[in-house]
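A.B. asks: Once you've had a glance at the structure underneath, I'll fire off some questions.
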Amino acid sequence: MKKEAFEELCAAQDLTPSQVVRQLIRGYLEQHGVTYKTKSTLGSRTRRKTA
C-alpha cells in the first residue's frame, strides 16, 4: 500500500519515484553536511578512434 501511494503521489507531481528518491538522498546528505561528487566517472572514458 505504501509503494502504491508513493507512486501515485510522484505521478501527481509529474515526477518519477527515482527522481524523488534522488532528491531525498541529496537532501539527507546536505542536512548532515556530507559532500560528494555530482558526476560519475564511469562513462567519462574517451573512446579510441579506430581506423
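The values are calculated or read from the model by the stated rules, or taken from the named source; none is laboratory data. As the structure is a computational prediction, the values presented were derived from the model and not from experiment. All Cβ positions, glycine included, derive from the backbone under ideal geometry; neighbour counts span all protein chains shown.
A.B. asks: Mind listing whichever residues of the stretch 1-33 are among the acidic types (Asp, Glu) and modelled with pLDDT of 95 or more? Before the answer, list the steps.
C.D. replies: From the stretch 1-33, those among the acidic types (Asp, Glu) are 4, 7-8, 14, 30; that's our starting set.
Result: GLU4, GLU7, GLU8, ASP14.
A.B. asks: Follow-up question, since we're still on this one. Mind listing just one residue for me: the one in the stretch 8-30 that is more than 16 Å from the chain's Cα centre (by Cα) and in a helix (DSSP H, G or I) and, of those, surrounded by the fewest Cβ atoms within 10 Å (Cβ to Cβ)?
C.D. replies: Per the criteria, the residue is ALA12.
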